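Asker: I'd like to ask some things about the structure below.
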Amino acid sequence: MNTTDSVVVLDFETTGLSPRQGDRAIEIGAVRVVEGRVVARFQRLMNPGFRISPFIESYTGIDNAMLRDAPPCAEVMHEFAGFIEGHRLVAHNAAFDRRFLEAELDAIGLAPHAEAFACSMRIARRLYPQAPNHKLATLVDYRGLARQGAFHRALADAEMTAQLWLGMLAEVAQRAGRSLVPFGLMQRLEGTPKRAVDALLADWADPA
DNA sequence: TGCCAGGCCCTCTTTAGGGCCTT
């Protein structure tokens, strides 16, 4: 199932939860999806300029030795800005990745990304309220999607989020009886109260 | 000094609290 729009699905691994508290990105992974297919990939480790905690080493599998010779965040983010330029974005719990994207772009003097940013977690909560929970790993298993590598590495998580995104496009298309699902409809779904989701899809359904 | 994320979302709500997600 396709959308008429291309998107970049991305995932950051970071030193913690909050750029305002001094946390930095340590890895970015992203896939560009066009017409239902992954057509490009981006993955870079980046050196945050300080040692990461044992917790983050354990959580991500990225250790200080791996980051010691990695290029600095500024170099990687300049390159990544080119990868996402002009593309709408998707991430799982997008508010988290948006904060780090904006912080890292701001740190190198670039403006915030201008295109829309959709959240696969918020949409999944509306489409799959019966799922055990809405963590990425749980949803991958719940939807029977193929695992693409180790969870909590950026490219693997981006790949699996992309598969979840495509699966949700198919779900929306099936429920609405449409063949193409615009990005804008997914954004509307994301912002629709759960109890109004069925009505939204019914309104959007092809009357024929 | 003391504290330390942010924001959505549900409900035993709205003069609030707590769980969920991301690292």
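The values are calculated or read from the model by the stated rules, or taken from the named source; none is laboratory data. None of the values given here were measured: they were computed from a predicted structure. All Cβ positions, even for glycine, are placed from backbone atoms using ideal geometry, and neighbour counts span all protein chains on display.
Asker: Which of the residues that make up the range A:166-183 are under 20 Å from the mean Cα position of the chain (by Cα) and touching a residue at least 60 places away in the same chain (Cβ under 8 Å)?
Answerer: Step one: filter the range A:166-183 for residues under 20 Å from the mean Cα position of the chain (by Cα), giving A:166-172, A:181-183.
Residues satisfying the conditions are A:Leu166, A:Leu169, A:Ala170, A:Val181, A:Pro182, A:Phe183.
Asker: In addition: Of the residues that sit in the range A:151-165 and are more than 12 Å from the chain's Cα centre (by Cα) and either assigned to a helix (DSSP H, G or I) or touching a residue at least 40 places away in the same chain (Cβ under 8 Å) (or both), which one is surrounded by the most Cβ atoms within 10 Å (Cβ to Cβ)?
Answerer: Result: A:Arg153.
Asker: For the range A:149-170, which positions are more than 23 Å from A:Thr60 (Cα to Cα) and touching a helix residue (DSSP H, G or I) at 6+ places or on another chain (Cβ under 8 Å)?
Answerer: Across the range A:149-170, the qualifying residues are A:Met168, A:Leu169.
Asker: Right, something else. Can you name the strands (runs of 3 or more DSSP E) wholly within the range A:1-106 that have at least 2 residues being within 15 Å of DNA strand B (Cβ to nearest atom), closer than 16 Å to A:Met160 by Cβ and touching a residue at least 12 places away in the same chain (Cβ under 8 Å)? Show your work before the answer.
Answerer: On the way: elements: A:7-14, A:25-34, A:37-45, A:88-91.
Answer list for the range A:1-106: A:7-14, A:25-34, A:88-91.
Asker: Counting only residues that are among the acidic types (Asp, Glu) and more than 16 Å from A:His113 (Cα to Cα), which one in the range A:3-35 is nearest to the chain's Cα centre (by Cα)?
Answerer: Once the filter is applied, the top-ranked residue is A:Glu13.
Asker: Quick one: in the range A:114-150, of everything that is outside any helix (DSSP H, G or I) and of a type in the set (D, E, K, R), which residue is nearest to DNA strand B (Cβ to nearest atom)?
Answerer: Restricting attention to the range A:114-150, the residues satisfying the condition of being outside any helix (DSSP H, G or I) are A:114-119, A:128-135, A:143-150.
Within this subset, residues satisfying the condition of being of a type in the set (D, E, K, R) are A:115, A:135, A:143, A:147.
Details: A:Glu115: 19, A:Lys135: 4, A:Arg143: 14, A:Arg147: 14 Å.
Result: A:Lys135.
Asker: Looking at the range A:151-176 only, could you name the residues that are over 16 Å from A:Val8 (Cα atoms) and more than 8 Å from DNA strand B (Cβ to nearest atom)?
Answerer: Selection gives A:Arg153, A:Ala170, A:Glu171, A:Val172, A:Ala173, A:Gln174, A:Arg175, A:Ala176.
Asker: Let me ask another. Of the residues that make up the range A:125-144, is at least one closer than 17 Å to A:Ile28 by Cα, at pLDDT 95 or above and of a type in the set (Asp, Glu)?
Answerer: Within the range A:125-144, none of the residues are closer than 17 Å to A:Ile28 by Cα, at pLDDT 95 or above and of a type in the set (Asp, Glu).
Asker: Oh, and also: Name every residue in the range A:171-182 that is within 23 Å of A:Glu115 (Cα to Cα) and either in contact with a helix residue (DSSP H, G or I) (Cβ under 8 Å, 6 or more places away or on another chain) or at pLDDT 95 or above (or both), in order of residue number. Steps first, answer last, please.
Answerer: Our first condition is that a residue be within 23 Å of A:Glu115 (Cα to Cα); within the range A:171-182, this holds for A:172, A:180-182.
Within the range A:171-182, A:Val172, A:Leu180, A:Val181 meet the criteria.
Asker: Going through the range A:183-197 one residue at a time, which ones are at pLDDT 90 or above and of a type in the set (D, E, K, R)?
Answerer: Hits for the range A:183-197 are A:Arg188, A:Glu190.
Asker: When residues of the range A:127-141 are filtered for being surrounded by fewer than 18 Cβ atoms within 10 Å (Cβ to Cβ) and free of Cβ contacts under 8 Å to residues at least 60 places away in the same chain, how many remain?
Answerer: The total comes to 8.
Asker: Taking the range A:192-207, which residues are within 16 Å of DNA strand B (Cβ to nearest atom) and without any contact (Cβ under 8 Å) to a residue 60 or more places away in the chain?
Answerer: If the condition is that a residue be within 16 Å of DNA strand B (Cβ to nearest atom) and without any contact (Cβ under 8 Å) to a residue 60 or more places away in the chain, then A:Pro193, A:Arg195, A:Ala196, A:Asp198, A:Ala199, A:Leu200, A:Leu201 are the ones that fit.
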